[in-house]
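*Asks:* I have a structure here, written as structure tokens, and I will follow up with some questions on it.
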Amino acid sequence: MTLLSDQAEDIRALVGRADPGAVWAVGGPEGTHAGSHPRDSPEGGGTLFDVGGLAAVLALWPVVGSLVEEGALQLHTPLAAYGDPAASRAPAGTTAHHLLTHCDGAATLTGLAEHLGGGPLPDLAATRVWQPLGMTGTRFEAGTLRAPLADLVRFLCHVVSPAGAVRAWAAESLRIRTGELTPARGLLWQPAPHGVWAHPGPAPGGPALWVCPSRRLWALLLPGGAAATSLRSAFRDAVFRPNPA
């Protein structure tokens with residue numbers, strides 16, 4: 001699916017009014033369809049953006065997926081079975097699945113991933129995820145995660161690709177994993193309107209990512225200033241709301 005030209009212009013106008021300094025992009029498995037900067041722009045491709053609020057999905061989530069894929073981690077096995085001292089402080093019977101479906105489980109999950117992967121999360125993410133995907137500019141720096149727009153695009157292209165490097169893990173993660181409990185969650189992603197899965201950063205006006213695997217469409221929004229928190233939902237709706245027949 002690609003954006004209609006008038007849809008792209010509507011999105012550009014929406015973001016321009018609410019936050020003129022924001023960076024945004026919308027695309028599919030093959031790359032960017034529309035955005036605030038041309039794909040080959042030095043500003044869009046070389047600037048390192050602070051995406052620390054998205055570290056859970058850009059670093060932790062794919063690292064955990066790689067551990068699951070290689071059999072080092074079973075989602076429903078109690079953490080105590082892995083001999084990780086940090087994980088042992090979690091309530092008895094806690095599993096990786098519990099941590100992945102709760103917003104406050106990232107710290108314990110990070111410790112478990114580092115224990116099983118044999119290194120700090122930044123190194124695991126670089127060797128297991130970013131380098132294989134060609135995300136050569138993404139790195140932890142000065143206490144936060146930084147990435148160029150081009151790397152974020154590469155990551156999202158793989159998430160929605162039918163044959164991408166993280167596709168199997170995405171299929172496991174981007175479905176309701178909490179049964180009838182509320183709030184409904186996947187694995188470090190949460191459902192949103194229009195068949196979309198979201199990962200907004202913890203700050204109300206921070207960066208956010210959305211994917212819709214069924215339509216092979218993704219979107220990202222990196223606020224440039226003190227944008228109204230309503231921009232997130234308005235941007236999401238402008239991108240993913242089905243067009244009238």
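The values are calculated or read from the model by the stated rules, or taken from the named source; none is laboratory data. As the structure is a prediction and not an experimental result, all values here were calculated from the model. Heads up, the Cβs are rebuilt from the backbone with ideal geometry, glycines too, and the neighbour counts pull from every protein chain shown. Only protein heavy atoms, including side chains, enter the accessible area calculation; ligands, DNA and RNA are left aside. Shrake-Rupley method; radii C 1.70, N 1.55, O 1.52, S 1.80 Å.
*Asks:* Projecting each Cα onto the charge dipole of the chain (Lys/Arg +1, Asp/Glu -1 at the beta carbon, about the Cα centre), which of Leu145, Leu124, Ser214 comes out farthest on the positive side?
*Replies:* Of the listed residues, the answer is Ser214.
*Asks:* Rounded to the nearest 10 Å², what accessible area does Thr77 show when all protein chains are kept and the probe is 1.4 Å?
*Replies:* Counting only protein heavy atoms, Thr77 exposes about 40 Å² to solvent.
*Asks:* When the dipole is taken about the Cα centre of the stretch 73-194, and only Lys, Arg (+1) and Asp, Glu (-1) are charged at their Cβ, what size is it in debye, to the nearest 20?
*Replies:* Working: 9 positive and 8 negative charges, 48 e Å.
Roughly 240 debye, rounded to the nearest 20.
*Asks:* Rolling a 1.4 Å sphere over the protein heavy atoms, what is the accessible area per residue of the chain, to the nearest Å²?
*Replies:* Value returned for the chain: 45 Å² of accessible area per residue.
*Asks:* Given the DSSP H assignment, sum -39500 (n - 2.57) over each helix run of at least 4 residues in the chain and divide by its residue total; what's the result at 222 nm in deg cm²/dmol, nearest 500? Display every interim value, and only then the final one.
*Replies:* Values: 9 runs with 80 residues, N = 245.
So the helix-based figure for the chain works out to -9000 deg cm²/dmol.
*Asks:* Sticking with this structure for a sec: Over the chain, what relative contact order in percent results from Cα pairs under 8 Å that are six or more residues apart?
*Replies:* 26 percent
*Asks:* With a 1.4 Å probe and all protein chains in place, put Thr95, Thr182, Thr32 in order of accessible area, largest first.
*Replies:* So the residues, ranked largest to smallest area, are Thr182, Thr32, Thr95.
*Asks:* Sticking with this structure for a sec: Once Lys and Arg get +1 and Asp and Glu get -1 on their Cβ, which of Leu67, Gln7, Val23 lies farthest toward the positive end of the dipole of the chain?
*Replies:* Towards the positive end, the residue furthest out is Gln7.
*Asks:* Give, rounded to the nearest 20 debye, the magnitude of the charge dipole that the stretch 1-142 has about its Cα centre when Lys and Arg contribute +1 at Cβ and Asp and Glu contribute -1 at Cβ.
*Replies:* Details: 6 positive and 15 negative charges, 49 e Å.
Roughly 240 debye for the stretch 1-142.
*Asks:* In the stretch 11-109, if every C-alpha pair distance is counted and binned at 5 Å from zero, what percent goes to each bin?
*Replies:* Answer for the stretch 11-109: a P(r) of 2, 10, 15, 16, 13, 9, 10, 9, 9, 6, 1 percent.
*Asks:* Once the stretch 53-100 is represented by equal point scatterers at the alpha-carbon sites, with solvent omitted, what log10 I(q)/I(0) does the Debye formula produce at q = 0.13 Å⁻¹?
*Replies:* With one equal scatterer per Cα and no solvent, log10 I(q)/I(0) is -0.30.
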